[in-house]
Amino acid sequence: MRIWAAGISLFLFGAITLAGAQAPAEGKTDQSAAQVPATPDHAAAYYHYMLAQRYKELAGIYNSGEYVERAISEYKKAIEADPSSLFLRVQLGELYWRISRVSDAINEAQSVLKINPNDVEAHRLLAHIYLGSMGASQPGTSIQEMLQKTIVQLEAVTRLDPKDMESALILGRLYKLNNEPQKAEDIFKKVLQEKPDSRRVLVNLTQLYFDQGQYQKIIDLLKDIPDSRMDPSLLYLLGSAYTQNRDLNRAEEVFKKALEREPDSQDIRRAYADALMDHGKMQQARDQLEAILKVSPEDGSTYLRLGELDRKMGRFDDARKDFERAATLAPDNLEVPYQQALLEDTLGNDDQAVTILEGLLKKTAKPDGKYNPAEANNRAVFLQQIGLIYRSQEKYAKAIETFQSIAALGNGQATRGAALIIETYQLNRQLGKAMAEVNKAIQEHPHNQQLRMQRASLLGEQGHRDEAVKQLTGMLNNTPEDRDIYLAIAQIYSQAKLYPKAETYIQKALALGGSPDDQEYARFMLGSVYEREKKYDLAEEQFKQVLAVDPLNDAAANYLGYMLADRGVRLEESVHYIEKALQLEPNNGAYLDSLGWAYYKMNRFDQAVVPLQKAVQLISDDPTIREHLGYVYLALGKKAQAQKEWEHALRIWRKADTSDFGPEQAAKLRKKLNHLKHELGHQVSSAAQNQ
């Protein structure tokens, strides 16, 4: 920018007047302009201007206040000689700003704009004054006020001088700071059109997309840039976007390339470890993290990642030590307590997890309740985890209250909160309230696909299967997003036990292609459908494909283990899979039920009873778990306890949210229960006769 240059080149005498004496805007007058002498003394003005420049240079060389005052005096004499020169006034204002006489600088710039509102140099000067004031304490002003003033001036600069890409870049950053992401994106794109090779613009636009969670836009922006222009920082951002989009193969490839170019970057190595961890390559991830700690043994962020790795591997004591070390080294890192909360939740310490998360909410609260998108997302994550804990405890009212706090955050969190509320009503079998909530949310967000799919799911659950499928089919638009719609249709048919139709739509979802990560859930669903169709070999193949992509998928490991156990085949292998799931989720009631049932099938009744009793404590109203525990009690000779569990199962099965325990299963269990009661009654009668 011209006015911030260290010096100004000499120019011809008339240039001073031509640079500054611009006509006022049409329709605007100013009294000071009317008082300007008809014949300004250009020679005197030029003479004093050159002296001012010389004194300013000497002040810089000798750090002398005396020279500064002489420079100011000469500028004033130059302006007296040629009062019409706006250029001279801007130069004086720039000097005032340099010596921290901010009020005088602002007055000079504003006096110029009164005469010519389109003086771009005066707007530039004010922009930099206000921008500098944002970081300093100014009496009677706030950072937000200075931010707004800076934006106004820079908008004027970019309007008057569209080629000033530096001002446009700063303006984009300020739009981002002011929670105006669309304006920031528009101006960054404009600068990028003018300067397609600008690394700074690419980084700023990419970081904007990252803050907005628009990871595909990052990939689209960076993937086709020539490799020669992709420095490590851009590769880091691209790799992070691939990670967020679950394209882990490409993420690993990009991080590896970035690390080759900057092997000393701990941030890149840590991100590479994260991608490896997400891909289930735990030992490789550990190697990268330990390599960082060898160089930087006090790196709190690395201990955080190591703790997360140990938690995912079921090494909970090690994870707790890692997190404690991270908390000591990085006390301000919000992710540390969040990971500690996840660990406590995994271990079943729900109250402690909630306490940690509530502490995070309090620590990050703002008095005005206004949060930028990244801050709002963090709070939503904390609130969501609290709500999920309440929901797992069947405290549905508290869960809904917590999810309502997410919706109140705005900044794109309203639909997230609404979806969680709807899901909670649905889990609590309050289908009427769930439908009312989803209809209200769709009125406010009519194009939100997730909400529309939730409504269809509710219709299907209430028996309106054809209407649900019709609504979902109407959402198809021949894009990769159709995958989720096909799977939603398949879910509706699966709930209705129309498994061949469910299989058809899952195959349509898989036919859309995509990465193995994109297909992971579809393969899980297909495995469950095959299992219900008694196509066990095909089901096993699907679950193994899921585990090949994501070795830490505990749900797939449990499903495969339970499927083997329930059929009584390869029981040692079934226990291996279930124990793998429990290593990751040691307090999951469904997984504990699977383990107990596998031990029962192996005739290890003493081993079976403990996990099943714990499963009943965690999931009190699951008829299948009650049935399994009854069988174990019966095998142990505890017939009265078996009767109690089976009676409980038959009382609750109609209200249970499970397709595994239906009328046919209930009829079979009732028959066994009647037989057990007859047997117990006969024993009581025999005992009475013997007395």
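Below is a table of values for the structure above.
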| read-out | value |
| --- | --- |
| Candidate lysines for bridging to K195, where Cα separation is under 29 Å - those fewer than 8 sequence places away on the same chain excluded | K149, K163, K176, K183, K217, K223, K256, K257 |
| Mean residue ellipticity (222 nm) of the chain, computed from DSSP H runs ≥ 4 via -39,500 (n - 2.57), nearest 500 | -24000 deg cm²/dmol |
| Net charge, A418 excluded, C-beta distance under 13 Å - Lys, Arg +1, Asp, Glu -1 | +2 |
| Trypsin sites (Lys or Arg not before Pro) lying in DSSP loop within the range 453-562, provided at most 15 other Cβ fall within 10 Å | K497, K534 |
| Cα-based shape type of the range 266-326, given that a ≥ b ≥ c are square roots of the gyration tensor eigenvalues and the cut on a/c is 1.5 | oblate |
| Listed residue (Q91, S73, L125) projecting farthest to the positive dipole end of the range 55-144, Cβ model | L125 |
| Ranked S133, S64, criterion: other C-beta atoms within 10 Å, fewest first | S64, S133 |
| Nitroxide proxy distance, nm - points 7 Å out along Cα→Cβ at A408 and R429 | 3.1 nm |
| Folded to 0 to 90 degrees: helix 536-549 orientation relative to the chain principal axis, Cα | 30 degrees |
| Ascending count of other beta-carbon atoms within 10 Å, so fewest first, for E57, E627 | E57, E627 |
| Spacing of the two label points (7 Å from each Cα toward its C-beta) at R54 and L347, in nm | 7.8 nm |
| For L347, residues with placed amide H under 5 Å, excluding near neighbours | none |
| FRET E, pair K76, K190, Förster distance 35 Å, beta-carbon r, rounded to 0.05 | 0.30 |
| Cα shape, the range 368-510, gyration tensor, a/c 1.5 rule | prolate |
| Neighbourhood charge, 14 Å Cβ-Cβ cut-off, centred on S574 and excluding it, Lys, Arg +1 and Asp, Glu -1 | -1 |
| Loop sites in the range 340-413: GluC sites (Glu not before Pro), DSSP, at most 16 other Cβ within 10 Å | E394 |
| ³J(HN,Hα) computed for each position of the range 230-237 - Karplus, 6.51 cos²θ - 1.76 cosθ + 1.60, integer Hz, glycine/proline x | 8, 7, x, 5, 5, 4, 4, 5 |
| HN-Hα J in Hz across the range 523-528 - Karplus 6.51, -1.76, 1.60, θ = phi - 60°, x for Gly and Pro | 5, 4, 4, 5, x, 5 |
| Pair Q393, Q607: separation of 7 Å Cα→Cβ label points (nm) | 3.4 nm |
| From phi via Karplus (6.51, -1.76, 1.60), per-residue ³J(HN,Hα) for the range 353-367 in Hz, x at Gly/Pro | 4, 5, 4, 5, 5, 5, x, 5, 4, 5, 5, 9, 5, 10, x |
| The chain: relative contact order in percent, alpha carbon pairs under 8 Å with at least 6 residues between | 5 percent |
| Only Lys, Arg (+1) and Asp, Glu (-1) charged, at Cβ; the chain dipole about Cα centre in debye | 1620 debye |
| Signed unit charges on C-beta, dipole axis of the chain, positive-most listed residue A418, P623, L58 | P623 |
| Residue-span extension gain [S103 to V569] - 0.36 nm each, minus C-alpha spacing | 159.3 nm |
| Residue exposure sequence - H675, H42 - by fewest surrounding Cβ within 10 Å | H675, H42 |
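Every read-out reported here was derived from the displayed coordinates using simple, explicitly stated rules and does not represent laboratory data. Since the structure is predicted, the reported quantities are computational estimates derived from the model, not experimental observations. All Cβ positions, even for glycine, are placed from backbone atoms using ideal geometry, and neighbour counts span all protein chains on display.
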